[in-house]
Amino acid sequence: MKLADYQRAIRERRVLYLNGPINDDLVSSFRKQLDEFSKEPAREEVVVTISSQGGSVTRGLSLYSDLTAL
C-alpha cells in the first residue's frame with residue numbers, strides 16, 4: 001500500500017494522530033485537518049490519538065478547546 005493510499009484511508013475513517021511536542025506547528029496542522037472534517041457531513045466521530053512528551057501548556061489548552069468545540 002502506498003503512503004498516499006494509507007493517508008487517504010485514515011482521513012476517510014476520520015482519524016487524527018498527533019505525535020511529538022505540542023507546539024504552534026502541531027496545533028496549526030491539527031486545526032487545518034479539523035477544518036477539512038468540518039466541511040464534510042459528519043458520518044462518524046473524529047478519533048484523535050495523541051502521543052506527546054510535553055510541550056506548550058497554552059498550545060495544549062487551545063488544542064483541548066478545539067476538540068471540545070467539535
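Inspect all residues belonging to region 51-69 and state whether any of them is free of Cβ contacts under 8 Å to residues at least 40 places away in the same chain, among the aromatic types (Phe, Trp, Tyr) and either in contact with a Leu (Cβ under 8 Å, 6 or more places away or on another chain) or open to solvent by less than 90 Å² (accessible area, probe 1.4 Å) (or both).
Taking region 51-69 first, the residues free of Cβ contacts under 8 Å to residues at least 40 places away in the same chain are 51-62, 64-69.
Add one more test, that the residue is among the aromatic types (Phe, Trp, Tyr), and what stays is 64.
After this cut, where a residue has to be either in contact with a Leu (Cβ under 8 Å, 6 or more places away or on another chain) or open to solvent by less than 90 Å² (accessible area, probe 1.4 Å) (or both) as well, the list is none.
For region 51-69, residues free of Cβ contacts under 8 Å to residues at least 40 places away in the same chain, among the aromatic types (Phe, Trp, Tyr) and either in contact with a Leu (Cβ under 8 Å, 6 or more places away or on another chain) or open to solvent by less than 90 Å² (accessible area, probe 1.4 Å) (or both): absent.
Would you point out the residue of region 41-50, among those that are over 9 Å from the mean Cα position of the chain (by Cα) and not small (Gly, Ala, Ser), that is surrounded by the most Cβ atoms within 10 Å (Cβ to Cβ)? Please lay out each step first, then the result.
Filtering region 41-50 down to residues over 9 Å from the mean Cα position of the chain (by Cα) leaves 41-45.
Restricting the remaining residues to those that are not small (Gly, Ala, Ser) gives 41, 43-45.
Numbers: Pro41: 4, Arg43: 8, Glu44: 10, Glu45: 8.
Top of the filtered list is Glu44.
If only residues of region 18-40 that are touching a helix residue (DSSP H, G or I) at 6+ places or on another chain (Cβ under 8 Å) and modelled with pLDDT under 85 are counted, the one that is surrounded by the fewest Cβ atoms within 10 Å (Cβ to Cβ) is Glu36. Taking the stated definitions as given, is Arg43 farther than 19 Å from Ser56 by Cα and touching a helix residue (DSSP H, G or I) at 6+ places or on another chain (Cβ under 8 Å)? No: the conditions fail for Arg43.
The values are calculated or read from the model by the stated rules, or taken from the named source; none is laboratory data. Note that this is a predicted model, so its numbers are computed, not measured. Please note: Cβ atoms are built from the backbone with ideal geometry, for glycine as well, and neighbour counts cover all protein chains shown. Only protein heavy atoms, including side chains, enter the accessible area calculation; ligands, DNA and RNA are left aside. Shrake-Rupley method; radii C 1.70, N 1.55, O 1.52, S 1.80 Å.
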